[in-house]
1. Just give me the residues in the range A:61-74 being part of a loop (DSSP other than H, G, I, E, B) and surrounded by 10 or more Cβ atoms within 10 Å (Cβ to Cβ), in sequence order.
2. Test each condition in (1) in a loop (DSSP other than H, G, I, E, B); (2) within 14 Å of residue B:433 (Cα to Cα) for residue B:495 and report the one that comes out false.
3. Sort through B:105, B:96 and tell me the only one that's modelled with pLDDT under 85, within 14 Å of chain A (Cβ to nearest Cβ), surrounded by 14 or more Cβ atoms within 10 Å (Cβ to Cβ) and under 36 Å from the mean Cα position of the chain (by Cα).
4. Here's a check for you: in the range B:179-192, which residue that is in contact (Cβ under 8 Å) with a residue 24 or more places away in the chain and assigned to a helix (DSSP H, G or I) is farthest from the other protein chains (Cβ to nearest Cβ)?
5. Would you check if residue A:57 is within 14 Å of chain B (Cβ to nearest Cβ) and either in contact (Cβ under 8 Å) with a residue 40 or more places away in the chain or exposed (fewer than 15 other Cβ atoms within 10 Å of the Cβ) (or both)?
6. Limited to the range A:99-125, what total is found for residues that are under 17 Å from the mean Cα position of the chain (by Cα), part of a strand (DSSP E or B), away from chain B (no Cβ under 12 Å) and under 21 Å from residue A:37 (Cα atoms)?
7. Any idea how many residues of the range A:42-60 are within 16 Å of the chain's Cα centre (by Cα) and part of a strand (DSSP E or B)?
8. Residues B:466, B:483, B:477, B:471: which one is surrounded by fewer than 17 Cβ atoms within 10 Å (Cβ to Cβ) and in contact with a helix residue (DSSP H, G or I) (Cβ under 8 Å, 6 or more places away or on another chain)?
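The values are calculated or read from the model by the stated rules, or taken from the named source; none is laboratory data. Computed from a predicted structure; not experimentally measured. Here the Cβ positions follow ideal geometry from the backbone for every residue, glycine too, while neighbour counts run over all protein chains shown.
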């Protein structure tokens, strides 16, 4: 079963977090990703640039619309994601609670419905 | 009557008795491999239906549980094989041997079919045929405990945990659960369906958490079982079987008028009495109940003279199962003790006329000796385990009350110590109010009133039991005008008709000529 651990937290800049403040967390994230990797469950790990780097694109009004800025303006922003492959929610929960991002933000755990692997969409059960 | 042939009624009776004893056990086994409770329930329901048509003809199988299990298994298998269900979830036992991409939740703690060891011909020999005699259900590990932990999983909304347990562990139908929770049936059914979907889709595992996690999650399991018990005092299940006919003898004169006479008086009008169980996720959720079930008895007043076999009995059953499965967890014994000891007074709590009989006026000869003994035994087993907890303290308070049957008196000082310990451990509004009442008995109304004032919890302002207790204490202290005001506040915070009746009665007596209700112990 694949789960995405979605990291949500206030933007460091807005929360007054300096590079210096972040240094220990960089180390923690490094160790975290390495332990996921060592456990053989890491599918992907991405930490995103600040939300104001977002560009939004849609065709749902019929024409191509490209905008700067995020789609939803929320206090907490999506800041990154770890995709892991573990047997069940309890294991996903255990890993999520070890994520450094949980120290200052909120982690949403979402199971994958399907994923594209080895040339085709696969249902994960 | 008949030799081998059975009437449908007999088959039904037998199927029902198996269902009662084994529902959760069978369902846990059936659902564990895939986490699909709904499918397992459907399969089990089919099997029960089939029993009703087959058993009258062929006789009751030697091992009815195994028969039901095997038939359900086959049903499940038919479904998983059907075109409608494009399966990537092999149910075959050998599925566990596949490698990196384990299908169907068999990947942990479960080598095959959710860890069911297959005796002899093995369950896998079942397709098509019912080799029920080869399935030894007794030999299969009991998965009810993991099922209980699934129901109370942190990823499941606390409000639906108790209903879910009632349904999947005990097989209580949605409509009865809905009635008990005073919720429209479709709404309750939808909540249950949503929770089951969540369990399946998010893959909440049907395994026992490891010891650390288990200890973290056990309180939620106990809480949900307690919820079933607590709910009972608000709402009796319609159509439930009777434990025993109402043994309530003459209603003590003025039982209703003695509303506030015993120790925990006001605390019994707990806020959660108005909302069923702790399905509101308030800050107090999960801990607002002080020891006394009479809250439920009281809010129940007049609604039912006989205690039917009810959610409380089901809760006792679950708590007892838990003590068997986790014999070294003191709070599990505490919960079982609490339920035993307060159920013991169930009959005495209601008068034959249907009125509520407060604790102090209850005829102790109506208290159920066996249940008291069982409760005491659980407390005795909890004690040496050396970890005190909320349920043990509440049970100990019940035990003090029950001791009156032997000693003829209530040890208010002991109650006071226990109640203080309870509030120190879990400082809930209910506990604080209960403590105020006990203090009123132990040290008089003035001490209790100053304690309530000093408690200085703003939430008490909107807590109906706090006002009912205050009113009672003010009455005792002879501060009639203030007491009337407090009753007014309590009434304003109460919607429950029975409870309103009590409060209105108390208010009337207060303003009517004559002495206020005498206090006894």
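1. Across the range A:61-74, the qualifying residues are A:69, A:70, A:71, A:74.
2. (2)
3. B:105
4. Result: B:179.
5. no
6. Of the residues in that region, 1 qualify.
7. Selection size over the range A:42-60: 6.
8. None of the others qualify; the one that does is B:477.
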